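The structure under discussion appears below in the form of structure tokens.
The values are calculated or read from the model by the stated rules, or taken from the named source; none is laboratory data. Computed from a predicted model, the values in this text were never measured in an experiment. For neighbour counting, all protein chains shown are included, and Cβ atoms are generated from backbone atoms with ideal geometry for every residue, glycine included.
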Amino acid sequence: MKRFLTASAVAILALGVLGGCSQGNTSVQGNTGASIISLSPSVVIYGGPEFTLTVFGSQLNGFKSNTVVQWNGKTLVTAYIDVATVSAVVPASLIAKPGTAYVNVFSPQSGTGMNGLSNSLALIVAGAPNPAPVLTSISPTSAPVCTTNNCANVTVTLTGTNFLPSSTNGNSKVTYTGLATGGVQTAINTTSISSTQIKAVIPGSYLTVADKAQIDVINPPSAPCILSNCPELGGGATNLQIPPTTQIFTVGGSAAAATAPSAGDALVAEETPALSQDGRYVAFSSAEDGIYQILLRDTCLGLDKDCSPGTKIVSAALDGAAGNADSHTPVISADGRFVAFSSAATNLLEDAPKGRQIYIRDTCTGAAAGCKPSLALVSIDPEGALIGTEAILPSISSSGRFVAFVAITPDPDAKLSGSAGTSSSSNSGLRQVFLRDTCFNVLNCTPKTTRISFEPGDTPTNPAKPAGPALSGLAKQIALANLKSATVFTHTVPVDDTVFLALPAEPK
């Protein structure tokens, strides 16, 4: 019994001590009011006028008619809309400076421990929209391939405009896109940034393989925003501008070699944009993430203010994936609906032949309701592909139905309409001009490809400036250049000693 009483006394004493400790502690009270889910807007530009802020809440723990909105603890003039929605007027004085405000609601409650406060959500008062960067040069422009196990980093100086040493949402970033990054645009370290110059460090590990990598600058918007009702926050990337201001850094060549344009680069630089008949639509080539794509720009020329100018990628698969290799030399139908181009991409159509091929895109521009955009291979024969490796330099009729192009094939007998010529040369660069009837918008028509001319592979040509056919608007004539020793499989009209006007059979 004595032992039991002693133990009981110790237990009671312990409870008393614990109770005393509890009475000396202070507790943190949770919010007992409504639950808010989102704000609209969630981002505003500083220095603007007063605006209406809408607060959305949970219907399970909703707003009451006497609910008020609080901005950093300051009560705003509030309008009750329904159990899940209230709005308040935010005075201009509260957004005079950039920063972050915390918004909650308050509904008076009775009872011990009931504070009537909701959770808080952040609203960003952003700085002015950030400018888009412009990159004009880098130095050095190249570095040798590193063959050691400990490759030295290379510091490059980027020159341009609109660089951001700082902003309300961070500074400019420099990215490197090349073989070392798996073709993924990857940020590299910067050591200094001014409005016109950035010093960035290319890791030595990026220099172990010959490459032509892209150097770009990215400016962040003046505030992060993931919702659709954000104001214009600016920023941008040099590789997404039209035209892009991406710079090339060559691994494995001298600076002179890196800056001297190759024949292919010269051809790209000299490419001519294509215009629809009224000038509204412009098709052109542009480097996107290091790969030349065909873009189509609707300028809205000649239309009223309800038209919004826009640009879209034409050299893309039907699922929207951009071509994975360069596309060049776009041509466009008179109404801007059809765009043909040459592309080395392998992801545009399933089972398309390898090498550069001619494709035609039906954009459905101006077409009747129900038209679905499509992509078709033009450089094709009844067996599914020309017996050749490459097709280049398309020309399109005004309706978009006919496309002429040059095919470079290893075999003078392509087994198409017309007789094949012969050549004693084993040169694989046999150049042939073909005309493709796509049968677009024509009933009871069978698509076909007809050989127009054959030029032996041992004929001297200038590969940097290849000559392509020019198709008349009605596809009744094809102008052929550099054909002094060529065989033409149709009636011709001489224009010059090296230029002929081919007259194919009348289309049905």
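Observations on the structure shown:
- Strands (runs of 3 or more DSSP E) contained entirely in region 280-346, each with at least 1 residues that are free of Cβ contacts under 8 Å to residues at least 12 places away in the same chain: none
- Filter pass, S205 being of a type in the set (S, T, N, Q) and at pLDDT 90 or above: yes
- Filtered residue count, region 225-249, keeping only those that are more than 20 Å from F284 (Cβ to Cβ), of a type outside the set (D, E) and surrounded by fewer than 20 Cβ atoms within 10 Å (Cβ to Cβ): 7
- Residues in region 122-143 that are part of a strand (DSSP E or B) and in contact with a Phe, Trp or Tyr (Cβ under 8 Å, 6 or more places away or on another chain): A122, L123, V125, A126, I138, S142, A143.
- Screening region 127-143 for residues that are within 21 Å of the chain's Cα centre (by Cα) and among the polar types (S, T, N, Q) and picking the one that is surrounded by the fewest Cβ atoms within 10 Å (Cβ to Cβ) gives T136.
- Filter result for the condition that a residue is under 19 Å from the mean Cα position of the chain (by Cα), closer than 20 Å to C146 by Cα and without any contact (Cβ under 8 Å) to a residue 24 or more places away in the chain, over G178, G182: G182
- Residue in region 112-121 that is outside any loop (DSSP other than H, G, I, E, B), out of contact with any helix residue (DSSP H, G or I) (no Cβ under 8 Å at 6 or more places or on another chain), closer than 30 Å to G62 by Cα and touching a residue at least 40 places away in the same chain (Cβ under 8 Å) present: yes
- Close Cβ contacts (under 6 Å, 6 or more residues apart or on different chains) running from residues in region 71-82 that are at positive phi to residues that are surrounded by 14 or more Cβ atoms within 10 Å (Cβ to Cβ) comprise N72/A101.
- Any chance S222 is buried (at least 18 other Cβ atoms within 10 Å of the Cβ) and part of a loop (DSSP other than H, G, I, E, B): yes
- 3 or more residues under 21 Å from P231 (Cβ atoms): qualifying strands (runs of 3 or more DSSP E) within region 28-77: 36-40, 43-45, 51-57
- Elements of type strands (runs of 3 or more DSSP E) contained in region 351-405, each with 3 or more residues being modelled with pLDDT under 90: 390-396
- Being of a type in the set (S, T, Y) and touching a residue at least 40 places away in the same chain (Cβ under 8 Å) is true of S107.
- Test: residue in region 318-333 that is touching a helix residue (DSSP H, G or I) at 6+ places or on another chain (Cβ under 9 Å), within 18 Å of E271 (Cβ to Cβ) and modelled with pLDDT of 90 or more: yes
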